[in-house]
Amino acid sequence: MCGIAGYFGKSVAPTEAATLLARMAGALYYRGPDDSGIHIERDTGLAHRRLAIVGLSDGQQPMASAEGSLVISYNGEIFNYVELRAALIAKGRQFRTHSDTEVILHLYDEMGPDCLSELNGDFAFALWDTKRQRMLLARDRMGVRPLFYTERAGTLFFASEIKALLTVPGIEAELDPIALDQIFTLWTPITPRTAFRNISELPPGHLMLIEDGRRTVRPWWRLQFPENGEEAQRPDAAEELRALLDDATRIRLRADVRVGSYLSGGLDSSLISALAARAAPDRLRTFSVTFDTEEHDESRWQAMMAETLGTEHSAAPCRAGDIARLFPDVVRHMERPVLRTAPAPLHMLSGLVHHSGLKVVLTGEGADELFAGYDIFREARLRRFCGRQPGSKIRPQLFRRLYPYLPGLKRQSPEYLAKFFRASADEIGDPLFSHRPRFRSTAAAKLFFSAELKAELADYDAAADLASQVPPEFSRWHPLHQAQYLETAFLLPGYILSAQGDRVMMANSIEGRFPFLDPRIVEFASHLPPDVKLRGLKEKHILKTVAKGLVPDTIIERPKQPYRAPDSQAFAGAPTAYLDEVLSRGALAKGGLFNPAAVEKLKSKVLHQESSSFRDDAAFVGILSTQLWQATFPAQTNDKRNTDGADGHGRRHQDGNTQFHSRELPVRG
Amino acid sequence: MEIRNFIVENFLFGDDSQPLPDDLSLIENDLVDSTGILELVSFVEERFGVKVEDADLVPANLDSIGRIVDFIGRKQAA
């Protein structure tokens with residue numbers, strides 16, 4: 001796990017190349033505090049920051065092949081590198097290191113870009129092929145590891161995080177209004193778009209090839225589901241899944257350092273921790289975040305699991321004030337506005353892991369997407385059920401069972417419930433049927449957009465944009481699989497694995513590993529019949545079967561509690577100084593994105609806790625994070641020539657409660 | 001007028017740039033969500049001194065400004 005950066009093109013003067021690469025890598029210091037390196041060759045520059053996990057003594061990067069014709073700067077882990085290495089050695093290949101990095105070099109030498117399909121891992125890399133004069137950028141299937149790029153003066157610049165690109169003279173931060181509209185509707189920009197105008201993200205499962213003066217971006221892997229009714233019937237599906245999960249967890253424990261595990265108290269991380277506790281060479285270390293608000297806290301279940309497994313357990317207590325204190329730094333790491341504060345406690349959690357001396361943790365992410373754990377899947381099924389008998393007084397009452405934690409639903413009549421969830425027959429043909437209520441409810445926050453922004457966006461429709469990007473065969477999939485696709489292809493990489501994953505983990509130099517996202521499990525899960533995943537309104541049916549005997553029944557049977565954190569509550573108790581600053585009329589007017597008078601009313605409403613509406617909360621956090629984004633990445637960037645290895649962004653902002661971290665150090669070239 | 005003002009202030013945060021006809025559905029136009037309905041009920045009860053029973057909580061009574069005004073009138077006359 002590391003940070004990569006580089007360029008390909010003629011606009012970088014040879015005399016400035018080393019300084020530029022050092023500066024780009026310096027912006028990513030926390031992604032790889034153990035080592036650094038650069039490689040410069042004519043029009044190509046590669047930089048690397050290393051978090052040493054595999055091949056501690058001989059895995060330095062950028063790494064060249066033995067004869068020097070291939071050079072790679074790579075972020076991530078190839079979990080099946082042991083098997084791939086053995087197969088390559090059997091073919092006569094000779095290795096100089098014990099790293100997974102060298103495995104990629106040999107495999108590419110054998111297969112070219114087709115080698116990607118052999119890799120079971122999470123990765124983003126840049127590989128320079130001297131013989132073919134070809135640059136290859138590639139990203140893992142699910143989008144665990146990030147990779148961004150932009151072009152300036154005919155030269156391509158790329159990096160693990162955008163802040164590294166912003167150290168390049170002439171590359172400026174400017175908010176992309178379309179991306180903001182997408183976030184305020186879909187929770188995530190649609191790749192390749194990012195929050196930054198003119199800066200792109202290589203989409204998950206995609207590669208970029210530059211050769212013969214041409215640049216092409218294309219998918220090398222796609223998430224696929226079977227045609228409706230043609231799902232694989234597997235009599236031994238639970239046994240097969242158990243074996244796959246065992247192996248996926250086992251190979252994700254491969255490391256030359258100790259690997260821990262997150263324990264949320266829910267089924268997914270409990271199952272992964274249980275499998276890891278059996279396979280780990282030492283007593284497993286587990287980590288949890290706890291809250292002092294009952295509706296968010298799961299410490300009781302976490303303690304139960306830790307005791308059951310006999311793990312060495314640590315918890316990060318997160319109080320509302322912690323979220324408010326950390327939020328500006330979290331925005332700096334996420335590099336995008338968000339509608340929830342949920343990434344902030346996970347930043348604290350990775351901090352706990354770091355201070356415990358570990359570099360790697362397993363998590364249960366991915367299970368809710370692949371095995372239909374989220375409420376939205378149950379909600380969509382229930383909406384279809386109601387839509388088939390529109391006048392029913394009984395059917396809509398099931399919505400209350402779906403969301404027992406939403407106080408607003410308890411008193412509602414069946415007529416209102418049906419209307420809130422848009423459970424009518426005429427919406428069933430909508431390709432975004434499953435997500436439409438969420439998108440519409442989220443988009444209500446766009447009410448706060450300024451008149452100028454609304455005019456600029458004109459009739460742009462983010463949901464329609466999303467609908468236009470689903471594959472042609474989407475309409476032939478089962479409705480559950482359509483919903484799973486929307487969650488897995490867009491929200492998982494665009495929010496869960498990035499804002500709540502890589503960015504807040506790497507902020508504390510922690511690598512997350514995700515056994516559920518093993519490509520074998522993704523393939524297996526996507527081809528299972530829908531009712532094996534969502535049986536009636538019971539989520540993750542097959543996973544619960546697998547968990548029997550590994551996880552206490554109490555954990556398996558407990559109602560699913562979505563991971564949430566205090567949102568506006570976090571700022572209500574003791575408002576921080578920066579809040580008044582970035583949400584002041586002056587700052588809002590200067591930013592030009594939001595209506596200052598309306599935001600003032602919203603701020604007063606939520607900070608006085610006059611409403612517990614999710615909608616108001618989402619609008620408040622969205623506006624606050626956007627304003628913080630603007631303060632962190634000002635349009636007129638700093639004097640880059642004087643930053644000398646530090647990224648120079650956001651570090652001058654401080655107030656009574658928050659000082660942006662400044663751990664970056666000059667890199668060794 | 002008070003109902004209209006409450007909706008503009010509380011759900012539109014003062015933004016009166018869009019027309020808000022009396023028969024506009026508050027839910028279908030995403031002006032209120034499930035929590036918003038309870039805020040609206042609370043306002044109606046406190047400001048107009050009427051009791052909104054659970055059985056009254058239906059769109060036919062509360063899903064537009066016109067319906068709310070009619071509902072309050074019926075309640076006060078009862």
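Taking the options A:Gln484, A:Gln469, name whichever one is in a helix (DSSP H, G or I), closer than 30 Å to A:Asn75 by Cα and more than 14 Å from every other protein chain (Cβ to nearest Cβ). First the steps, then the outcome.
Numbers: A:Gln469 fails: in a helix (DSSP H, G or I).
The conditions single out A:Gln484.
Quick check on segment A:84-102. Is at least one of its residues farther than 16 Å from A:Trp221 by Cβ and touching a residue at least 60 places away in the same chain (Cβ under 8 Å)?
Of all residues in segment A:84-102, those farther than 16 Å from A:Trp221 by Cβ come to A:84-102.
Next, from what is left, pick out any that are touching a residue at least 60 places away in the same chain (Cβ under 8 Å): none.
Among the residues of segment A:84-102, not one is farther than 16 Å from A:Trp221 by Cβ and touching a residue at least 60 places away in the same chain (Cβ under 8 Å), which makes the answer no.
I need the helices (runs of 4 or more DSSP H) fully contained in segment A:365-409, keeping only those with at least 2 residues that are of a type in the set (Lys, Arg) and modelled with pLDDT of 85 or more. Steps first, please.
On the way: elements: A:367-370, A:375-387, A:398-402.
In segment A:365-409, A:375-387 are the helices (runs of 4 or more DSSP H) which contain 2 or more residues that are of a type in the set (Lys, Arg) and modelled with pLDDT of 85 or more.
Which of the residues that make up segment B:22-37 are under 11 Å from the mean Cα position of the chain (by Cα), facing chain A (nearest Cβ under 8 Å) and not aliphatic (A, V, I, L, M)?
B:Gly36
I'd like to check something: does segment A:514-536 contain any residue that is buried (at least 24 other Cβ atoms within 10 Å of the Cβ), on the phi < 0 side of the Ramachandran plot, among the small types (Gly, Ala, Ser) and modelled with pLDDT of 95 or more?
yes
For the subset of segment A:231-240 comprising residues that are surrounded by 12 or more Cβ atoms within 10 Å (Cβ to Cβ) and of a type in the set (D, E, K, R), which member is farthest from A:Leu275 (Cα to Cα)? Spell out how you get there, then give the answer.
Of the residues in segment A:231-240, the ones surrounded by 12 or more Cβ atoms within 10 Å (Cβ to Cβ) are A:231-232, A:234, A:237-240.
Checking which are of a type in the set (D, E, K, R) leaves us with A:231, A:234, A:239-240.
On the way: A:Glu231: 28, A:Arg234: 23, A:Glu239: 14, A:Glu240: 15 Å.
Among those that are surrounded by 12 or more Cβ atoms within 10 Å (Cβ to Cβ) and of a type in the set (D, E, K, R), it is A:Glu231.
How about segment A:109-140: which of its residues are assigned to a helix (DSSP H, G or I) and surrounded by fewer than 22 Cβ atoms within 10 Å (Cβ to Cβ)?
Going residue by residue through segment A:109-140, those that are assigned to a helix (DSSP H, G or I) are A:109-118.
Scanning segment A:109-140 gives A:Asp109, A:Glu110, A:Met111, A:Gly112, A:Pro113, A:Asp114, A:Cys115, A:Ser117, A:Glu118.
Please go through segment A:61-94 and give me each residue that is farther than 23 Å from A:Lys359 by Cα and assigned to a loop (DSSP other than H, G, I, E, B), ordered by number.
Narrowing segment A:61-94 to residues farther than 23 Å from A:Lys359 by Cα: A:64-71, A:83-94.
Selection gives A:Ser65, A:Ala66, A:Glu67, A:Gly68, A:Ser69, A:Lys91, A:Gly92, A:Arg93, A:Gln94.
Taking helices (runs of 4 or more DSSP H) that fall entirely within segment A:553-638, which contain at least 1 residues that are modelled with pLDDT of 90 or more and within 25 Å of A:Glu174 (Cα to Cα)? Show your work before the answer.
Details: elements: A:553-557, A:569-572, A:577-582, A:585-591, A:596-607, A:614-632.
In segment A:553-638, the matching helices (runs of 4 or more DSSP H) lie at A:577-582, A:585-591, A:596-607, A:614-632.
Quick check: anything in segment A:254-274 touching a residue at least 24 places away in the same chain (Cβ under 8 Å), under 22 Å from the mean Cα position of the chain (by Cα), at positive phi and not in a strand (DSSP E or B)? So that I can check it myself, show each step before the final result.
Step one: filter segment A:254-274 for residues touching a residue at least 24 places away in the same chain (Cβ under 8 Å), giving A:254-274.
Those still in the list that are under 22 Å from the mean Cα position of the chain (by Cα) too: A:259-273.
Then drop every residue that is not at positive phi, which leaves A:265.
Now restrict to residues that are not in a strand (DSSP E or B): A:265.
Yes: one or more hits.
Go through A:Ala315, A:Ala243, A:Ala303 for me and flag whichever is assigned to a strand (DSSP E or B) and surrounded by fewer than 19 Cβ atoms within 10 Å (Cβ to Cβ). Walk me through it before giving the result.
Working: A:Ala243 fails: assigned to a strand (DSSP E or B); A:Ala303 fails: assigned to a strand (DSSP E or B).
Among A:Ala315, A:Ala243, A:Ala303, only A:Ala315 is assigned to a strand (DSSP E or B) and surrounded by fewer than 19 Cβ atoms within 10 Å (Cβ to Cβ).
Mind listing whichever residues of segment A:612-635 are touching an Asp or Glu at 6+ places or on another chain (Cβ under 8 Å), closer than 14 Å to A:Trp187 by Cβ and within 14 Å of chain B (Cβ to nearest Cβ)?
Selection gives A:Phe614, A:Arg615, A:Asp617, A:Ala618.
The values are calculated or read from the model by the stated rules, or taken from the named source; none is laboratory data. Predicted, not measured: the structure shown is a model, and the values here were computed from it. No Cβ is skipped: glycine too gets one built from the backbone with ideal geometry, and neighbour counts run over all protein chains shown.
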